[in-house]
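Here the structure comes first, spelled out in structure tokens, and everything after it is commentary.
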Amino acid sequence: MGRAAPIATLFFLFALLVFPSTHSFYLPGVTPQDFQRGDPLPVKVNKLSSTKTQLPYHYYFLNYCKPPKVVNSAENLGEVLRGDRIENSVYKFQMREEQSCKVACRIKLDPKTVKNFKEKIDDEYRVNIINHEYKQPWDEKNPQLLTCNPKTNNRIQDTGPQEVILDKEVIFTYDVSFQASDIKWASRWDTYLHMNDDQIHWFSIINSLMIVLFLSGMVAMIMMRTLYKDIANYNQLETQEEAQEETGWKLVHGDVFRPPVKSSLLCVYVGTGVQFFGSTLVTMIFALLGFLSPSNRGGLMTVMVLLWVFMGLFAGYSSGRLNKMFRAKEWKKIALRTAFMFPAIVFTIFFVLNALIWGEKSSGAVPFGTMFVLVFLWFGISVPLVFIGSYLGFKKPAIEDPVKTNKIPRQIPEPAWYMHPVFSILIGGILPFGAVFIELFFILTSIWLNQFYYIFGFLFLVFVILIITCAEITIVLCYFQLCNEDYHWWWRAYLTAGSSAVYLFLYSIFYFFTKLEITKVVSGILYFGYMLIGSYAFFVLTGTIGFYACFWFVRKIYSSLKID
């Protein structure tokens, strides 16, 4: 009883941090600012967005009231990549000074304005405009409205929504009202971050944990007992004749560490996966601690990009270290491919998609200046770090194999149908995808339906479950493969866990046709283009996890054998 209370308290505090229910725990991205009565309050405008087209437009794309000079506010990299365009406005607020029927501007619906408004209404860019009448003639400095009474703060008449008709006039007005609130500063986002579906997340976690426990039981019972018995029997063999009569994973000890085909490509993919793993893990830790709350616009994406760039050091080190183990000598070539292969593929797809967005005149198109920044981060920081890491990894002593490799490769017997590489690889990806299946729905909803995603505690735990699931399913299938005297496990281990990305992309197709209402061809291309990038990144991440798990397992079991 003496230790139970502190342990329970620590678990309770951890649960409050990781699994917020009605109140979200996070560190505010900005500190509160004090205002005195009459102080000006800057009011800014953001993009126009639609879940139907997924193409954002800057606020003044439509003929709204504009200030004399439109000024873009300071934006971080993440805001630009998300298509946010924060700009100043004509709305003038003063602290605790209420305003009613304040006229912003008057516009006349010319042909271009009518065309733009109708197109955006059809595409569900929702705007609600009231049809005001004014006292003739129009006084630009002091307009008098006939349909709004500033003294009573009521409209005298309401004729319904404004119709978009050529040569009609639209009077834009706004009201300002201040009301005291009991909500604390740290809880100001709780209304937006209230979690109504926490039971679904708990069900997802419990379901994933059951998969992990079942898989862990299989590993413990089959692997530990079977391997312990096998190792004991193999080590007790006294003659060469007895050894030749045995079958199973020991017989391939002379080939199991033979370098695979396309070993340099494997090094590149493993290094890239380490880069992804490091950036994903650190990003989730920052988000879990509250530094990347939704109040910090674009912060999540900015941190992900920067961490990816600086994790190039570990990518180069991992690829160089593995390349040295395969007895390769040209570390510069491996470093070059690690630094350029995956980013070049992603950047090419991204550039084509950005050209399509630019053709639609959408604010989601990344400007030339931001493109230059991304290229600078890639060539100026990431590439040098990859080369430094590769040099350090290659200069380390080579990882020694626990058993010697024969000069002549051993013939591999014909496998059973259920051990065919394609079948076993596709089977191996089901459980890792099942571990993240439910959480994936909420992630896609936050991305494509403009909803906040903030439950990083659940996401972090799902990520841990994903790591364990990828590792264990790869170890199980790798053991069965070796028992069938098939020593080509290097690529098989990577592809077994990485095949979960195939199911992720298939689910994105299902989500597109069942949850989204996208009708434009360009919007559909953007969706599948970005989901292709996401699935490719998921393949690299999970494949690397499976590879290192199998690499550890194979070295562990063969180092326990006594080979003469």
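Full-extension gain between MET341 and PHE441, please, as 0.36 nm times their residue separation minus the C-alpha to C-alpha distance.
33.0 nm
What net charge do the residues around VAL71 carry, taking every other residue with its C-beta under 10 Å from that of VAL71, with Lys and Arg at +1 and Asp and Glu at -1?
In short, +1.
Mind ranking ASP34, ASP486, ASP122 by accessible surface for me, highest first, 1.4 Å probe?
On the way: ASP34 135, ASP486 25, ASP122 105 Å².
These residues rank, largest area first, as ASP34, ASP122, ASP486.
Roughly how many Å is it from the Cα centre of the range 385-432 to that of the range 453-488, as a whole number?
16 Å
So, for the range 369-452, what is the accessible surface per residue at a probe of 1.4 Å, expressed in square angstrom?
On the way: 4970 Å² over 84 residues.
Dividing the accessible area of the range 369-452 by its residue count gives 59 Å².
What net charge is computed for the residues neighbouring LEU166, neighbours being all others with C-beta under 14 Å from the C-beta of LEU166, Lys and Arg scored +1, Asp and Glu -1?
Result for the neighbourhood of LEU166: +1.
Could you give the C-alpha radius of gyration of the range 279-410 expressed as a fraction of 2.2 N^0.38 Å, taking N as the number of residues it contains?
That works out to 1.37 for the range 279-410.
Please report how far the C-alpha centroid of the range 516-534 lies from that of the range 40-95, rounded to the nearest whole angstrom.
24 Å
Per residue, what volume in Å³ does the Cα convex hull of the range 440-508 take up?
Working: hull volume 5.8 nm³, N = 69.
Enclosed volume per residue, from the Cα hull, is 84 Å³.
Keeping all protein chains in the complex and leaving out DNA, RNA and ligands, what accessible area do you get for PHE376 with a 1.4 Å probe, in Å² to the nearest 10?
Surface accessible to solvent at PHE376 totals approximately 110 Å².
Keeping all protein chains in the complex and leaving out DNA, RNA and ligands, what accessible area do you get for HIS58 with a 1.4 Å probe, in Å² to the nearest 10?
Surface open to solvent at HIS58 totals about 60 Å².
Count the net charge of all other residues whose Cβ sits under 14 Å from the Cβ of LEU516, scoring Lys and Arg as +1 and Asp and Glu as -1.
Neighbourhood net charge equals 0.
What figure, in Å² to the nearest 10, do you get for the accessible area of LYS92 with a 1.4 Å probe and non-protein molecules left out?
About 130 Å², rounded to the nearest 10.
So which of LYS44/LYS515; LYS333/LYS396; LYS47/LYS520 end up more than 26 Å apart, counting from Cα to Cα?
Violating the 26 Å limit, Cα to Cα: LYS44/LYS515.
Using only the heavy atoms of the protein chains and a 1.4 Å probe, how would CYS267, CYS483 rank by accessible area, largest first?
Descending accessible area places them as CYS483, CYS267.
The values are calculated or read from the model by the stated rules, or taken from the named source; none is laboratory data. Note that the structure is predicted; figures quoted are calculated from it, not measured. Please note: Cβ atoms are built from the backbone with ideal geometry, for glycine as well, and neighbour counts cover all protein chains shown. These accessible areas exclude ligands, DNA and RNA; they are computed on the full protein's heavy atoms, side chains included. Shrake-Rupley method; radii C 1.70, N 1.55, O 1.52, S 1.80 Å.
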